[in-house]
Amino acid sequence: MIRKIVSLSWLLSVLILPLYFIAEAQTPSSTQPQPQTQPQQAPPQITPAPAPNVSGTGSNDDLSYRIGPGDELDVRVFGRSELSRTVRVDNYGKIRLPFLQEMQAACYTEAQVAGQVAEKYKKFLRDPQVDVLVKDYRSQPVAVIGAVNQPGRFQLQRRARALELITFAGGPRTTAVGGVVHIIHNGELDHCAQPAAKNQPENGENGNPSSASYAITSIKLSEMLAGTPDSNPFVQPGDVISVPEADQIFVTGFVTRPGPFPMTPGLTLTQAVALAGGANAEGSIGRVRLIRGTQGKGGERQETVYNLHDIFRRKVQDVALNANDIVEIPSSTSRIAYRGALGVGINLLNSLPFFVLR
């Protein structure tokens, strides 16, 4: 009996020990490094793109339109007509949509606003498809005034440079030749300006608007027309492009084309008379009157008589003109008398009887 028990114990040990070692081999050791689980990434947040550089010479080449207050947006949610509607951006740059709180739309592009709306609607819809289009542009007015053929006000629908706006205004007139272009920037209407500029105090020491709100950039018109990039900046919302009228001089009297003429640098008396087509048949260049205003408070004018014959013969130096000078070409008494006598003689001849000799 004891022998049978020993044999049975030995048999059980032979069968159980291999199973124990197999189980130990399959059990992971406590010192074995556990695989690291990566943390769940948060959905990317849509942030406004950097504001355009005011001078237009920066590295920001994004030409996409930036939504602003007053713009009307057409928001379409695919398959959800009850959620699609037209909304207007309020003065704070926000919009309201069904089931959603107010959200910022100003300074974002159409695609960025569509991404924000789709992200918020994921709480209610599965994979929403959203399109946002600007239906009415109201937030980026610019104006072109001064010596242009068609001054006016424009609404930007994309970024544009100053020369392009001047072209839309019909281009500069001849009275602007040799002048400059002033770009008056109103920072109060530039809702997407850099935060540093927005944080500047609104009033200066004397109670005047600070340079952060208003800035004037003067550019030579000739350089802008030459296409120099630094002389052709991007315009910003609220900008006023002013092309000043050139100073003028006036030529009157007995000339072919009397009237005002642009004052170009170095313009002289003889050149002004030439611009007016010279003296006509009754004009005299021997007693040309130059009338020039003085700096006195009474508005007194100084009158000087010049003989253009002496200037042509280089006996007298030509006279440089100033802005608002008046050049008057008087009549020639001898020429008028001659023309009058000639006219009387012709009339007398016409009044004589006419006979035919046969």
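The values are calculated or read from the model by the stated rules, or taken from the named source; none is laboratory data. These numbers were taken from a predicted model, which means no experiment stands behind them. For neighbour counting, all protein chains shown are included, and Cβ atoms are generated from backbone atoms with ideal geometry for every residue, glycine included. Accessible surface areas use protein heavy atoms only, side chains included; no ligands, DNA or RNA. Shrake-Rupley method; radii C 1.70, N 1.55, O 1.52, S 1.80 Å.
Values for this structure:
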| read-out | value |
| --- | --- |
| Efficiency of FRET from Cβ geometry, Thr167 and Ser218, R₀ 30 Å, rounded to 0.05 | 0.95 |
| Gln302/Thr174 FRET efficiency (R0 41 Å; Cβ-Cβ; nearest 0.05) | 0.90 |
| Distance between modelled label sites at Arg153 and Ser84, nm, 7 Å Cα→Cβ extension | 3.3 nm |
| Computed P(r) (all Cα pairs; segment 60-147; 5 Å bins; percent) | 3, 14, 25, 23, 15, 9, 5, 3, 2, 1, 1, 0 |
| Estimated FRET transfer efficiency (Leu225, Asp136; beta-carbon r; R0 41 Å; 0.05) | 0.75 |
| Stretchable slack from Arg292 to Gln129, in nm (0.36 nm times residue separation minus alpha-carbon distance) | 51.4 nm |
| Accessible surface of segment 256-296, 1.4 Å probe, proportion on carbon and sulfur as whole % | 57 percent |
| Net lengthening on full extension, Thr264/Asp74 (0.36 nm per residue, minus Cα-Cα) | 63.2 nm |
| Spherically averaged projected area in nm², based on the convex hull that wraps the Cα atoms of segment 96-185 | 7.5 nm² |
| Heavy-atom surface of segment 230-323, accessible at 1.4 Å and reported per residue (Å²) | 55 Å² |
